[in-house]
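Okay, so here's the structure we're looking at.
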């Protein structure tokens, strides 16, 4: 994956950020078990398109924004660091928006990562620019989610999948 | 001056306070073979404490004891190694503690302790004790657990991730345990010294 193809993939991702992507089978793309994803959606722990009544649609569909959110959430939940209150969930949503802004402006940091620690049973999340920066704050048992790398891999996967479809239908 | 270093023993209740693993959980883990069995009353030394602590840390992060038990002994050695580098880990006559440098105490960590160790732990402690001709293998500072259940040790998390761009494991969430920080923290939280330093009467 060179820089040129990564730019293409990120452009593809950002242009369709809030659009349902055909073939974006959410769980498979981000490496989450389908049953787990359904459970999370039912519990309100994962993002999916919902109808105007607030129910998720019969056929679960995702936008890239949903996929990035779910990917980060899964990374945390896998190690008992899932958000346990609204404040932390809002922090994740805010971080996703920041990442979107950075990709849009072309200054996306592929080394970006999120650290989760538990203090007195509460999950606390911090955003870092790199492991070099984060390494000074590893005194507590930590979970690191390399969200920058993960977004790039997701962008490449979506781009490759969708390019194939476009080429096939032409 | 020659020293003896005798490891302090802790009860299960004290271990519960220090390692934040309930006595019931300790008992269950011993029953299922994730920790060594104990006959009679528990008398846990720093190595036992660190094993319990390591298992607890991984369990708290969602790693099953069945998976964790594969690495917990080596992880415990790293924690113990760092815990025993703290001055607060040692108690004894004030004049002994005041006059002798830390490395002198560590020379007292002799064979009975080394016999508790295995694999690179022996080498690590020997290198710490600076026994000539035994090789040097210090435990790396960071323990990294990947989402696929594999693990590694490295002196720097940053360096590890920079050097492994092609490794798919580094494109997913990881658990990072700083053995140095956690070992030192354990030495401070233990409430009493981990080892007692005395003068060797036979010397």
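Computed quantities for the displayed model
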read-out: Tally of residues being touching a residue at least 60 places away in the same chain (Cβ under 8 Å) and either within 14 Å of residue A:31 (Cβ to Cβ) or at the interface with chain A (Cβ under 7 Å from one of its Cβ atoms) (or both) across the range B:167-180; value: 2
read-out: Qualifying residues in the range B:150-166 (those that are within 11 Å of chain A (Cβ to nearest Cβ) and in contact (Cβ under 8 Å) with a residue 12 or more places away in the chain) - the one surrounded by the most Cβ atoms within 10 Å (Cβ to Cβ); value: B:157
read-out: Any chance residue B:196 is part of a strand (DSSP E or B), farther than 30 Å from residue A:157 by Cβ and in contact (Cβ under 8 Å) with a residue 24 or more places away in the chain; value: yes
read-out: Residue in the range A:156-167 that is touching a helix residue (DSSP H, G or I) at 6+ places or on another chain (Cβ under 7 Å), within 27 Å of residue B:56 (Cβ to Cβ) and within 13 Å of another protein chain (Cβ to nearest Cβ) present; value: no
read-out: Flag for residue A:106 being within 9 Å of chain B (Cβ to nearest Cβ), loosely packed, with under 14 Cβ neighbours inside 10 Å and touching a helix residue (DSSP H, G or I) at 6+ places or on another chain (Cβ under 9 Å); value: no
read-out: Odd one out for residue A:117, checked against (1) out of contact with any helix residue (DSSP H, G or I) (no Cβ under 7 Å at 6 or more places or on another chain); (2) surrounded by 17 or more Cβ atoms within 10 Å (Cβ to Cβ); (3) facing chain B (nearest Cβ under 9 Å); value: (3)
read-out: Criterion: more than 10 Å from chain B (Cβ to nearest Cβ), under 20 Å from the mean Cα position of the chain (by Cα) and surrounded by 14 or more Cβ atoms within 10 Å (Cβ to Cβ) - qualifying residue of A:131, A:127; value: A:127
read-out: Condition check for residue B:135: modelled with pLDDT under 55, touching a helix residue (DSSP H, G or I) at 6+ places or on another chain (Cβ under 6 Å) and outside any loop (DSSP other than H, G, I, E, B); value: no
read-out: Lone qualifier among B:184, B:144 - being facing chain A (nearest Cβ under 10 Å) and either at pLDDT below 70 or part of a strand (DSSP E or B) (or both); value: B:144
read-out: From B:15, B:76, B:42, B:54, residue being under 13 Å from the mean Cα position of the chain (by Cα) and away from chain A (no Cβ under 14 Å); value: B:76
read-out: Residue match in the range A:69-84 (condition: more than 11 Å from chain B (Cβ to nearest Cβ), crowded, with 18+ Cβ neighbours inside 10 Å and assigned to a helix (DSSP H, G or I)); value: yes
read-out: Any chance residue B:123 is farther than 30 Å from residue A:68 by Cα, away from chain A (no Cβ under 11 Å) and modelled with pLDDT of 60 or more; value: no
read-out: Residue within the range A:137-156 that is modelled with pLDDT under 90 and surrounded by fewer than 16 Cβ atoms within 10 Å (Cβ to Cβ) present; value: yes
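The values are calculated or read from the model by the stated rules, or taken from the named source; none is laboratory data. If you're wondering where the values come from, they're calculated on a predicted model, not measured in any experiment. Backbone-built Cβ (ideal geometry, glycine too); neighbour counts: all protein chains shown.
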